1. Out of A:A360, A:A378, A:A312, A:A316, I need the residue that is under 28 Å from A:E247 (Cα atoms), of a type outside the set (S, T, N, Q) and without any contact (Cβ under 8 Å) to a residue 12 or more places away in the chain. Which one?
2. Only one of B:A76, B:A82, B:A100 is among the small types (G, A, S), outside the structural domain of B:T307 (by TED's automatic domain parsing), modelled with pLDDT of 95 or more and outside any loop (DSSP other than H, G, I, E, B). Can you tell me which?
3. On the basis of being over 25 Å from B:P185 (Cα atoms) and either touching a helix residue (DSSP H, G or I) at 6+ places or on another chain (Cβ under 9 Å) or buried (at least 21 other Cβ atoms within 10 Å of the Cβ) (or both), does B:D36 make the cut?
4. Select the helices (runs of 4 or more DSSP H) contained entirely in the stretch B:276-342, then report the ones holding at least 2 residues which are within 9 Å of another protein chain (Cβ to nearest Cβ), in contact with a helix residue (DSSP H, G or I) (Cβ under 9 Å, 6 or more places away or on another chain) and in contact (Cβ under 8 Å) with a residue 40 or more places away in the chain.
5. Tell me, please, whether a residue that is surrounded by 24 or more Cβ atoms within 10 Å (Cβ to Cβ), free of Cβ contacts under 8 Å to residues at least 60 places away in the same chain, within 14 Å of another protein chain (Cβ to nearest Cβ) and not hydrophobic (A, V, I, L, M, F, W, C) can be found in the stretch A:320-334.
6. Kindly indicate whether A:I123 is buried (at least 24 other Cβ atoms within 10 Å of the Cβ), aliphatic (A, V, I, L, M) and under 14 Å from A:W65 (Cα atoms).
Amino acid sequence: MTDLSLTFEPRALAPEQEAIRDEIRAFLKDEYDRGTFARAQEAMAKHDFGFSERLGAAGFIGMTWPEEFGGRGLSFLDRYVVTEELMAAGAPCGAHWVADRQSGPLLIRYGTPEQRERFLPEIIAGKCYFCIGMSEPDSGSDLASIRTTAKKVDGGWLVNGTKLWTSNAHVSDYMIALVRTEPPSDDRHAGMSQMLIDLKSDGIDIQPVKNLAGHHHFNQEMFTDCFVPDDMVVGTVGNGWEQVMSELAYERSGPERFLSTFQMLVELVRAVGPDPDEIEARAIGRLTSHLMTLRNMALTVAGQLTDGELPATEAALVKDLSTNFCKEIPEVARLVYPPDAGAGDNMKYEEALATATLYAPSFTIQGGTREILRGMIARGLGLR
Amino acid sequence: MNELRTMILDTADRIFRDKCDQTLIDAAEGGEWPADLWQTVEDAGLAVAAVPEEQGGAGGTIGDGLALLKVAGRYAAPLPLAETFLAGHLLAQAGASVPAGPLTVAPVHRGDPFDVPGGALHGVASKVPWAAQAVGLVVALPDGVALVDPADCRIEPGSAVSGDPRDTVIFDGAAVKVHALDDAPERLWRLGALTRSVQMAGALEAILDMTTQYVKDRVQFGRPIAKFQAVQQSLAVLAGQTAAASAAAENAIAAVEAGGGEAQIAVAKARCGEAASSAAEIAHQAHGAIGFTHEYALHQFTRRLWTWRDEFGGEPYWQGELGRMVAKAGADNLWAFATRSS
């Protein structure tokens, strides 16, 4: 009746994956013991170039890439294990995150040999950072409505327009931008292309967009006759939409989706202590029942990717459940253990609660809104 | 999934699809024992699928038995299959042989008092599923299990919201032989919770299928109601709840099969119960008035969810248990706790 598999058959991890888990845990313990990072919520948002370089040197970036491109040729499940350990530890992964997960694989799939040779070794070393230029002031969920244009000139393209909500553009080296290389036509998805833009180029004005927590992760970039050489076009001119969609399919059910407020849950468990009352125990138990289930579902999807399937609807479903779960954690915490309940040594709990509360609105928006995801699930059910 | 399990599940699916229809369920809820359906299931070796061959079973694993109950849940099969599975498991674990025919278990309510002075069983077991239809009643006692002939007890029939029998059984001195088994009541309680979890996961799959089909067929304002975004969004939530319940149940099955499952059973019962409440609400809303009628089969599934979610401990019980496990492990071990596979 539906083409959506809802069984989510358990995916057992193999000994190789447990070995990789030991490897990354040892790396993280060493980093943590040396005090290189503080456990943070929203580990994707924190950037630390030194951490990224050490992670790259230890072989944890580009793990799934083929060996000919410097990768380890490991599976999605292997990478899944490393990612969930990084996220659960609250390690600062913001700098290399996009390059590792999206830009590198995109270049492997669509890039020219020269592009691969130029960028992949730097990415894998944790030294070259990318951001994604998709959203615009008038194009959020409706990505096909973008207006940034690239006009053909001798030897390259002139880019004009504005990109918005670009995480970490201010600390990235390159943007992979989706631009219109032809005017809109009846086929809304035609005429778009992807370009690698060196963020040090002339004609780019990067402005910070502070979020409601007062932090600077987002940016707005205004392009005014910014020249992009021909050899920086990714894939085929006019094929941008298809390339972008293939990129998104891999990102939806990663472990970061159900771990965004994990540190908050840890602090709640710490706050109530080893002997919780019935209300506290039920609240923690309920959240844990969701956590463990979502983690198993994400593992199943990673396993399907490893097997060469593309479970796009399943991934959307796991992301929808996961982001709602992450939003619930601070709301449950404040009711079960009110921030003024402790004896004054409550700073860590209150900080975690504040951060989780402030970031919660973003979870069901970024990377595909709740409404878009549920629309995808409905399509999977055959309703549209 | 291994070959034997696939075969068992295919067989079960075929039998229930052929025989377990709305009319049969109606008749069963009216008090008519579905003898033909039971016989077909028993002849196919499904009633004791998870009991070792030397003890009278089909030699499948505990996971096979549980996976089979998910299929039964998908058809709202009005048979004591979960109870026969539990009874067979307890007897087999205690080294006793398992009789043919429908069996049930007691106590299913934690407060029920039992005493066995001089080998004579005294006590009252409430809400015992299918006691009047069972040929044997397996009673879990602190030091073992006893197989009791229902003819030696007094049975006061009753029924649950599900429409299935839940009887009061009065033991008034029946002579019993206790087969030693550690923590028998605890084993029954935990495994009972898991059977209800997998039954719920199966029923949820049926509810999602029914609801998806209904909104595609039902036309209002000149188009199928599936075309309305409000309907699409709520069915997406229904799909999410169904998938989460299935995942939680399947993971608990895998963990139990691997020899553990303490935390995973708590997760499964808590998560499936929560999914049941949400899914039943959405399914009824999507069906409108027709779903509230006796004529339309949705209630055969939703009523069972409303009963199963509370049996062998509802969400408050299992959430509390899980929460205490987490608190005991400690904040800094939460991740290690959550990632253990069994």
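The values are calculated or read from the model by the stated rules, or taken from the named source; none is laboratory data. Keep in mind it's a predicted model, so treat the numbers as computed, not measured. Reconstructed Cβ throughout: ideal geometry from the backbone, glycine too, with neighbour counts over all protein chains shown.
1. Among A:A360, A:A378, A:A312, A:A316, only A:A378 is under 28 Å from A:E247 (Cα atoms), of a type outside the set (S, T, N, Q) and without any contact (Cβ under 8 Å) to a residue 12 or more places away in the chain.
2. On the way: B:A76 fails: outside any loop (DSSP other than H, G, I, E, B); B:A100 fails: outside any loop (DSSP other than H, G, I, E, B).
Of B:A76, B:A82, B:A100, the one residue that is among the small types (G, A, S), outside the structural domain of B:T307 (by TED's automatic domain parsing), modelled with pLDDT of 95 or more and outside any loop (DSSP other than H, G, I, E, B) is B:A82.
3. Working: over 25 Å from B:P185 (Cα atoms): yes; either touching a helix residue (DSSP H, G or I) at 6+ places or on another chain (Cβ under 9 Å) or buried (at least 21 other Cβ atoms within 10 Å of the Cβ) (or both): yes.
Criteria met by B:D36.
4. Numbers: elements: B:298-308, B:315-329, B:334-339.
Correct list: B:315-329.
5. Within the stretch A:320-334, one or more residues are surrounded by 24 or more Cβ atoms within 10 Å (Cβ to Cβ), free of Cβ contacts under 8 Å to residues at least 60 places away in the same chain, within 14 Å of another protein chain (Cβ to nearest Cβ) and not hydrophobic (A, V, I, L, M, F, W, C).
6. Details: buried (at least 24 other Cβ atoms within 10 Å of the Cβ): yes; aliphatic (A, V, I, L, M): yes; under 14 Å from A:W65 (Cα atoms): yes.
So A:I123 passes the test.
Conditions (1) assigned to a helix (DSSP H, G or I); (2) within 23 Å of the chain's Cα centre (by Cα), marked per residue:
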position	(1), (2)
A:I206	no, yes
A:Q220	no, yes
A:T224	no, no
A:Q243	yes, yes
A:S246	yes, yes
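Residue by residue, here is whether (1) in contact (Cβ under 8 Å) with a residue 60 or more places away in the chain; (2) of a type outside the set (S, T, N, Q); (3) touching a strand residue (DSSP E or B) at 6+ places or on another chain (Cβ under 9 Å) holds:
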residue	(1), (2), (3)
B:V178	yes, yes, yes
B:L194	yes, yes, no
B:S197	yes, no, no
B:I207	yes, yes, no
B:Q233	no, no, no
B:A236	no, yes, no
